[in-house]
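Written below as structure tokens is the structure these notes are about.
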Amino acid sequence: MGKNLKQQVRGKGTPRYKAKSHRFKADVNYNDFYPVNERKEKPLIKGQIIDFVDAPERNTILAEVRLENNKRAYLIAAESMMANNEIEIGKDASLNIGNVLPLSAIPEGFYVYNVEKIPGDGGKIARAAGTYAQIVMKDENNVQLLLPSKKILNLSPDCLAQIGVVAGGGIKEKPLLKAGNAYYKYRKADNKIWPRVRGVKMSPYDHPHGGKEHHPGKPTTVGKFAVPGQKVGHIRARATGRKTRKTAASQQNG
């Protein structure tokens, strides 16, 4: 009869696979303190960094900002940010690190992070530690953004972004040194399963790729309309394997 796949068990929402709510310190969303309908009326809002918050659900830290109206907002911290620094939000803000401006007000070549995909979504792009995007080209109706993946994305000039690079860029460079550190980082962390066994090393009744010791024995591509028990491997894949110049050119043209 076989067992349920891990992704099937996780989908049921049992406590074993749930992320604990106490790990989420704050939600980082521009709309919490700068809604879309107020952006034209308030071209500039000032605040001050009063503290930095260690958020376990992220690999970077947050900056706690006290605004002019005594409200508190949380922003993703940038490299070289310091406590008591002044933060400006709006189209009239200065071009200092950590300030929030629309893409139309940021010159070409600047590094930005926590960029909105659609004006008002609160920030979606380049939020992980050490990441940034770069403004490549602008015109009245369009801004071209170079993503960390080297892809170029066209965005609205009204999308908000922070200037700088996300703090904590060296977090992945620190070695674990011993298995005990990996145990506390992966096994004891909530909502994480470690170690992860490859499907090809399982039995055929545990996983669709099992039974052949070191290779699946069949194609790993899976269709869009496959049943949940079959959706493992390359789901809805356009291509698999290494990319050659020929295949890369054909994907760009087609």
Within region 64-84, restricting attention to residues that are part of a loop (DSSP other than H, G, I, E, B) and surrounded by 16 or more Cβ atoms within 10 Å (Cβ to Cβ), which residue is farthest from the chain's Cα centre (by Cα)?
M81
Among the listed residues N114, N96, N141, N70, identify the single one that is under 26 Å from A19 (Cβ atoms) and of a type in the set (S, T, N, Q).
N114
Could you tell me whether any residue of region 111-134 is free of Cβ contacts under 8 Å to residues at least 24 places away in the same chain, over 17 Å from the mean Cα position of the chain (by Cα) and assigned by TED's automatic domain parsing to the domain that holds N85?
no
Can S203 be described as out of contact with any strand residue (DSSP E or B) (no Cβ under 7 Å at 6 or more places or on another chain), surrounded by fewer than 16 Cβ atoms within 10 Å (Cβ to Cβ) and assigned by TED's automatic domain parsing to the domain that holds V36?
no
Strands (runs of 3 or more DSSP E) (entirely within region 135-194) containing at least 1 residues that are touching a strand residue (DSSP E or B) at 6+ places or on another chain (Cβ under 7 Å), closer than 27 Å to T14 by Cβ and at pLDDT below 95:
none
Show the residue pairs meeting these rules: Cβ distance below 6 Å; 6+ apart or different chains; first residue within region 83-95 and farther than 17 Å from V112 by Cβ; second residue in a loop (DSSP other than H, G, I, E, B) and β-branched (V, I, T).
none
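Tell me the residue from A19, A26 that is surrounded by 15 or more Cβ atoms within 10 Å (Cβ to Cβ), outside any helix (DSSP H, G or I) and under 24 Å from the mean Cα position of the chain (by Cα), please.
From the options A19, A26, the qualifying one is A26.
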Suppose we filter region 75-124 for residues that are touching a Phe, Trp or Tyr at 6+ places or on another chain (Cβ under 7 Å) and of a type in the set (F, W, Y); how many remain?
2
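The values are calculated or read from the model by the stated rules, or taken from the named source; none is laboratory data. Only a predicted model underlies this, so the values are computations on that prediction, with no experimental measurement involved. We place every Cβ from the backbone using ideal geometry, glycine too, and count neighbours over all the protein chains shown.
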